[in-house]
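First up is the structure itself, then whatever we jot down about it.
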Amino acid sequence: MTQLLTRPAPPVTAAPAVPKRARPRRLPTHLTLLLVCGVWTVPVLGLLVSSFRPAYEISTTGWWRAGEGRLTTDNYRDVLATGGFGTALANSLLITVPAVVAMVAIGSVAAFALARMSFAGRRAVTVAMIALLALPVQMTLVPVLRLYNAAGLTGTFAGIWLVHLGFGLPFAIYLLRTFFAGLPEEVFEAAALDGASTLTTFLRVAVPVSGPAIASVAIFQFIWVWNDLLIALIFLGGDPGVAPLTVAVSNLVSATTGQGWQLLTAAAFVAMAVPMVIFFALQRYFVRGLLAGSGK
Amino acid sequence: MVPTTRVLAALAFTVAVPAFLLGWLWVVGRLEAVLPHRLQRRLVPWLWLAPALVPVGVFLAWPLANTVWLSLRDAGSGAWAGLDNYRYLVTSTEVHTALRNNLLWLVLLTGGCLVTGLLVAVLTDKVRYEAVAKAAVVLPTAIPFVAGAVIWRFMYQYRPPGLPQTGTLNAVLTAAGAAPLAWLVDTRTNNAALIGVGVWMTAGFATVILSAALKALPPDLHEAARIDGAGPWQAFRHVTLPQLRPAVVVTATLVAVSAFKAFDIVYVMTNGNYRTDVIANLMYRQLFVAQDYGRASAIAVLLTLLAAPILVLNARATGRAGR
């Protein structure tokens, strides 16, 4: 990159503009991108550095002066051991994995029916799913909360799995329906000729070739459920024993007024770690999920 | 520690849902074999849809109607309240502040994400480190808003003039000889500071959509314009941008809807103090602090009504984009 930045600009001539003249304009391009990338990465870098600094140094000097002081992993130890973040990490996993598995399983069955079976009402169901995809979650909170209070489901994981399942299904169905509908007709005809049942066709023909689409849905929903704060705050209540990472971090923020800032840095990184690993390892599927979100 | 029963319950749910589905579809398959053909073609698709339609009905469709109904009831949902809750929306200053802030979110978040998204999509298209640059901007879309809020609390950290600044932004300001700013408290900067975090976390989404749309454009027109002597800016402004229009509209509408739903950043960074409240936070407080289900429902209806026209615009733009 430095090599690109320092490439000497060709001498400016008085010749009329031809496409080759684009060369001298590359320096502003690199500088702008460098600035944008800086603004987007420096905040994460700053927090990462801070999370390895002792409490006193965090509150008195900036992270860029970390080299002058001491580095420590105490923040992570404290936050995981005494701060309850070990439990929160486990809670996040226990909330996310079952919800996503249920969403993908049920979603792919429904998407298959919508994509490969013709019946009266198919169009209506598809349109309804797309409309519900865009419904602000807030519109559903009060009735579901009242239902949960009456049924004793507030504060339970079963309750929050079901809420996430209901909210996430339209997206799963939407994305997978598009994918199933795009599969070539011949494969299904061949299966029908072999006398395969609908269930066999779904399990042996449709699902095996849909790996990437199913992965996109699963990864996107995983990150969505993992990152959720509002639904967890509302349906899990105030008990820190059941709080996922997002709730634990936000509780720590409201509890800290100056004191305990060093814990916040490590806590935020614990909350970010799983989505970041998924992002770097499975970027392709994650991006496809983002794109599908736009294609309503 | 996490109780063992909770882990077992999670495992059981994870295994039971797919197992139940398989069992259900197997039963449906047996039914298919015995049912007369006509009934079979009508009934079987609905039996396949049922496992999805039940949760969607319970958690989305029914609450949608019920919220409208509850917005006409009193705080405890017991007695009829007529339009009282809507009168509160019209007359209360806290609602007005929240609405004004959401309008700011709408304009600045959408504008910020579109400008950044277009800039990154267009500029990275021509460089060799495209993947790295795009990854830097897209990464924050994967992390929790809560974590983003913590990251930026450290960026916006304020200490009185004279003391060494620990927040990156104030360190830059004081190094340049300016006075440090209390970004999140000062009412001149705090809303913009919160929205800035939103842009930082959402611009990657705009970048992904716009970049994909840009790659899908045929290069001929752009090249023709350049050969005819158009500068890069002119070619972008008069050739590329009009072609990108459907993608820009779709992106703008989706970001605009997220501006109405903004919650996490405000909740974590200021909790709506210092005149930074937004509709979603107001609703949360009505639900849990005031425990007024009627007002909370009316706020939800308002939120949905505000988002609805944008969604219609989005649906139409999507139709035009031919997706």
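Throughout, read-outs are computed from the coordinates displayed, never taken from laboratory work. Here the structure is a predicted model, which means the values were calculated and not measured. Here the Cβ positions follow ideal geometry from the backbone for every residue, glycine too, while neighbour counts run over all protein chains shown.
Listed values, structure above:
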| quantity | calculated |
| --- | --- |
| Extension gain, B:V115 back to B:V132 (0.36 nm per residue minus Cα-Cα distance, nm) | 4.2 nm |
| Under 5 Å, built H, 5+ apart or other chain: amide partners of B:R73 | B:A81 |
| Helix-only mean residue ellipticity at 222 nm for chain B, each DSSP H run of n ≥ 4 adding -39500 (n - 2.57), per residue, nearest 500 | -24000 deg cm²/dmol |
| Sequence of B:K261, B:K215 once ranked by neighbouring C-beta atoms within 10 Å, starting from the fewest | B:K215, B:K261 |
| Size of electric dipole in region B:85-321: Cβ of Lys, Arg +1 and of Asp, Glu -1, about Cα centre, debye, nearest 20 | 160 debye |
| Values of log10 I(q)/I(0), in the order q = 0.13, 0.16, 0.20 Å⁻¹, for region B:183-292 under a Debye, Cα-only, solvent-free model | -0.66, -0.81, -1.00 |
| Taking N as its residue count, the alpha carbon Rg of region B:86-125 over 2.2 N^0.38 Å | 1.83 |
| Selection from B:F236, B:T93, A:V44 lying farthest towards where the dipole of the protein assembly as shown points positive, charges on Cβ | B:F236 |
| Rg over Rh [alpha-carbon atoms, Kirkwood Rh] for chain B | 1.06 |
| Net +/- balance of residues flanking B:L184 in space, Cβ distance below 14 Å, scoring K and R +1, D and E -1 | +2 |
| Cα coordinate range in region B:65-171, projected on the principal axes (Å, largest first) | 64, 44, 22 |
| Residue of A:V49, A:V205, A:V97 that the Gaussian network model of chain A assigns the largest fluctuation, springs spanning Cα pairs under 10 Å | A:V205 |
| The protein assembly as shown: proportion of alpha-carbon pairs further apart than 32 angstrom, % | 53 percent |
| Paramagnetic reach from A:L48 (point 7 Å along Cα→Cβ, amide N under 16 Å) across region B:138-167 | B:138-144, B:148, B:151-152 |
| Eligible aspartates and glutamates near B:K215 by straight Cα distance, threshold 17 Å, same-chain separation 8 or greater | B:D125, B:E130, B:E223 |
| Debye, to nearest 20: dipole size of the protein assembly as shown, +1 on Lys, Arg Cβ, -1 on Asp, Glu Cβ | 1300 debye |
| Computed [θ] at 222 nm, deg cm²/dmol, chain A (DSSP H ≥ 4; -39,500 (n - 2.57); rounded to nearest 500) | -22500 deg cm²/dmol |
| Ellipsoid equivalent to region B:4-70 - semi-axes via the Cα gyration tensor, in Å | 28, 24, 5 |
| Selected from A:L93, A:L71, A:L229 as most flexible by GNM, with chain A as the system and alpha-carbon contacts under 10 Å | A:L71 |
| Within chain A: Cβ-based charge dipole about Cα centre, in debye rounded to nearest 20 (Lys, Arg +1; Asp, Glu -1) | 1200 debye |
| Dipole of region A:79-294, positive end: most advanced residue of A:V101, A:P208, A:F235 [Cβ charges, Cα centre] | A:F235 |
| Cα principal axis extents for chain A, largest first, Å | 72, 70, 34 |
| Within a Gaussian network of chain B (alpha carbon springs, distance under 10 Å), most fluctuating of B:L106, B:L163, B:L254 | B:L163 |
